[in-house]
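The values are calculated or read from the model by the stated rules, or taken from the named source; none is laboratory data. All values derive from a computational prediction rather than experimental measurement. Note that we place each Cβ from the backbone using ideal geometry, even for glycine, and neighbour counts take in every protein chain shown. Note: areas computed on protein heavy atoms with side chains; ligands, DNA, RNA excluded. Shrake-Rupley method; radii C 1.70, N 1.55, O 1.52, S 1.80 Å.
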Amino acid sequence: MDAGRVAARVARCDMKFAEFHAGQVMAAGPCSVSAQEIVRFATEFDPQWFHTDPEAAARGRFGGLIASGWQTCCMAMRLAADAMLQDSNAVASPGLAYVKWPHPVRPGDQLRLRAEVLDTRTSRSRPDLGILRWRWQLFNQLDIEVLDLEATTLFDLTPASVDA
């Protein structure tokens with residue numbers, strides 16, 4: 001996934017913590033992924049034959065090359081960052097509650113992100129941290145879900161960050 005192609009299709013947004021609320025649904029995308037991008041990512045980070053060898057993958061369980069689940073997560077992150085987090089006061093993530101890849105991503109897929117805010121709160125122990133819990137789902141052009149995860153994002157609530 002070429003970052004330039006994604007950025008051109010996603011409106012930039014610098015959402016602050018106070019702008020997120022439970023039940024809110026946001027969308028981003030689409031972005032596309034090519035066979036070359038799948039192989040390039042997998043060669044470096046997830047060198048399993050069904051990600052790196054199109055001929056062997058064609059004879060395998062999936063009937064063709066598929067993207068690494070980790071590449072799929074990276075594509076979702078890029079969409080979320082460009083659409084919701086770029087220039088926001090988000091500062092970190094303590095992790096994911098779960099991550100699932102219900103269907104594979106294939107070369108030529110057009111992916112779009114659906115992000116739903118599950119809840120927001122201010123940290124009890126660190127009142128300068130906002131905590132956002134949200135569900136991300138990535139769908140292909142056939143509206144088939146290819147990624148489902150629940151993430152937590154931390155936001156800096158210090159006055160300088162909130163007012164920036």
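If residue 55 meets every condition in (1) in contact with a Lys or Arg (Cβ under 7 Å, 6 or more places away or on another chain); (2) acidic (Asp, Glu); (3) free of Cβ contacts under 8 Å to residues at least 12 places away in the same chain apart from one, which number is that one?
So the condition that residue 55 fails would be (1).
Please specify each residue of the range 38-56 satisfying the condition of being within 14 Å of residue 70 (Cα to Cα), surrounded by fewer than 15 Cβ atoms within 10 Å (Cβ to Cβ) and either hydrophobic (A, V, I, L, M, F, W, C) or touching a strand residue (DSSP E or B) at 6+ places or on another chain (Cβ under 9 Å) (or both).
Residue satisfying the conditions is 45 alone.
Which condition number in (1) under 15 Å from the mean Cα position of the chain (by Cα); (2) modelled with pLDDT under 95 is the one that residue 115 fails?
(2)
From (1) outside any strand (DSSP E or B); (2) in contact with a strand residue (DSSP E or B) (Cβ under 7 Å, 6 or more places away or on another chain), pick out the condition that doesn't hold for residue 131.
(1)
Applying the selection to the range 14-26, what residues are surrounded by 16 or more Cβ atoms within 10 Å (Cβ to Cβ) and under 15 Å from the mean Cα position of the chain (by Cα)?
So the first thing to find is which residues in the range 14-26 are surrounded by 16 or more Cβ atoms within 10 Å (Cβ to Cβ), and the list is 15-17, 20, 26.
Correct list: 26 only.
Taking the residues in the range 115-164 that are hydroxyl-bearing (Ser, Thr, Tyr) and under 18 Å from residue 82 (Cα atoms) as candidates, determine which candidate is most open to solvent (accessible area, probe 1.4 Å). Write out each step before concluding.
Residues of the range 115-164 that are hydroxyl-bearing (Ser, Thr, Tyr), as a first pass: 120, 122-123, 125, 152-153, 158, 161.
From what's left, under 18 Å from residue 82 (Cα atoms): 152-153.
Numbers: 152: 32, 153: 14 Å².
Filtering the range 115-164 for residues that are hydroxyl-bearing (Ser, Thr, Tyr) and under 18 Å from residue 82 (Cα atoms), the one most open to solvent (accessible area, probe 1.4 Å) comes out as 152.
Does residue 84 satisfy the condition of being at pLDDT 95 or above, within 16 Å of the chain's Cα centre (by Cα) and surrounded by 13 or more Cβ atoms within 10 Å (Cβ to Cβ)?
Spelling it out, it is not the case that residue 84 is at pLDDT 95 or above, within 16 Å of the chain's Cα centre (by Cα) and surrounded by 13 or more Cβ atoms within 10 Å (Cβ to Cβ).
Exactly one condition in (1) crowded, with 16+ Cβ neighbours inside 10 Å; (2) closer than 25 Å to residue 44 by Cα is not met by residue 59; state its number.
Failing condition for residue 59: (1).
Checking the condition surrounded by fewer than 19 Cβ atoms within 10 Å (Cβ to Cβ), more than 30 Å from residue 32 (Cβ to Cβ) and of a type outside the set (Phe, Trp, Tyr), which residue from 102, 94, 107 passes? Spell out how you get there, then give the answer.
Working: 102 fails: more than 30 Å from residue 32 (Cβ to Cβ); 107 fails: more than 30 Å from residue 32 (Cβ to Cβ).
Testing whether each residue is surrounded by fewer than 19 Cβ atoms within 10 Å (Cβ to Cβ), more than 30 Å from residue 32 (Cβ to Cβ) and of a type outside the set (Phe, Trp, Tyr) leaves just 94.
Does residue 160 satisfy the condition of being part of a helix (DSSP H, G or I), modelled with pLDDT of 95 or more and of a type outside the set (S, T, N, Q)? Walk me through how you get there before you give the answer.
Values: part of a helix (DSSP H, G or I): yes; modelled with pLDDT of 95 or more: no; of a type outside the set (S, T, N, Q): yes.
Spelling it out, it is not the case that residue 160 is part of a helix (DSSP H, G or I), modelled with pLDDT of 95 or more and of a type outside the set (S, T, N, Q).
Identify the single condition in (1) closer than 14 Å to residue 151 by Cα; (2) part of a helix (DSSP H, G or I); (3) hydroxyl-bearing (Ser, Thr, Tyr) that residue 72 does not satisfy, given that it satisfies every other one.
(1)
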